[in-house]
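Structure first, commentary second.
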Amino acid sequence: MRQPVIPALTLTLVLATLSTTAFAKAPEPAKTIDPAIFYNGRWIEIGRRPMFITNRCVAGTTDYRRTGDLTVTVVDGCHRDTPAGKPVTLAGQGTIMDPGTNAKLRVRYNALITWDYWVLDRADDYSWFISADPNLKNLWIYTRTVPSPILLKALMGRAKALGYDTDKLEFPAPPIN
């Protein structure tokens, strides 16, 4: 009996597509994090994957404040349309999910929104970090200050080396100092 070629070919193509998208996984974090340094103060969002929640959002920031050994208050903010636009914030409570490494943070913003963030890499001096969700669909680049073009190019190269398609990133206007 002859086997249908088209359904088998279709199934092969579907599985190949799924293996590169739905089953993609972020690499494990490259470095441990000192929570007293990392989860303290303001970070500036330099690059991100576009998504509905960030439409019209520029001058993005994340403020961390440790509230316990494994807990962190997180306030994500931005301004509508321009760095001088209306401020918008979303606050949540974070829990460090990998004590010791301290690079995986689960943030519950409200009853409907919970995000897992993995810090894939960071500067030794804690001046920048690259984070993603566990399936590497979303990626963010943060710095403590607005980076030079040379540093931004290096961070893009690092994100690419971690397996992320950097062509998917957008770079909103930074905050006004």
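Each reported figure results from applying straightforward, stated rules to the coordinates on display, with no laboratory input. A quick note: this is a predicted structure, and the numbers were derived from the prediction, not measured. Every residue, glycine as well, gets a Cβ built from its backbone with ideal geometry; the counts of neighbours run over all protein chains shown.
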> Which listed residue (136, 150, 115) has the Cα farthest towards the positive end of the charge dipole for region 72-177, taking +1 on Lys and Arg C-beta and -1 on Asp and Glu C-beta about the Cα centre?
Replying inline: 115
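Say the cut-off is 20 Å between C-alpha atoms; which of 137/160; 31/168; 86/168; 25/153; 31/160; 104/137 go over it?
Checking Cα-Cα distances, 31/168; 86/168; 25/153 exceed 20 Å.
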> What percent do you get for the relative contact order of the chain when only Cα pairs under 8 Å and 6+ apart count?
Replying inline: 25 percent
>> Can you list residues from other chains, or at least 5 along the same chain, whose modelled amide H is less than 5 Å from the amide H of residue 136?
In response: 26
> Quick one: helix 149-161 against the long Cα principal axis of the chain, what's the angle to the nearest 10°, folded into 0 to 90?
Replying inline: 40 degrees
>> To test your reading of the geometry: what angle, between 0 and 90 degrees and rounded to tens, separates the Cα axis of helix 5-20 from the longest principal axis of the chain?
In response: 20 degrees
> Magnitude of the Cβ-charge dipole of the chain, K/R +1 and D/E -1, about the Cα centre, nearest 20 debye?
Replying inline: 320 debye
> If we sort 131-141, 159-169, 97-107 on the protection proxy, mean other Cβ atoms within 10 Å, highest first, what's the order?
Replying inline: 131-141, 97-107, 159-169
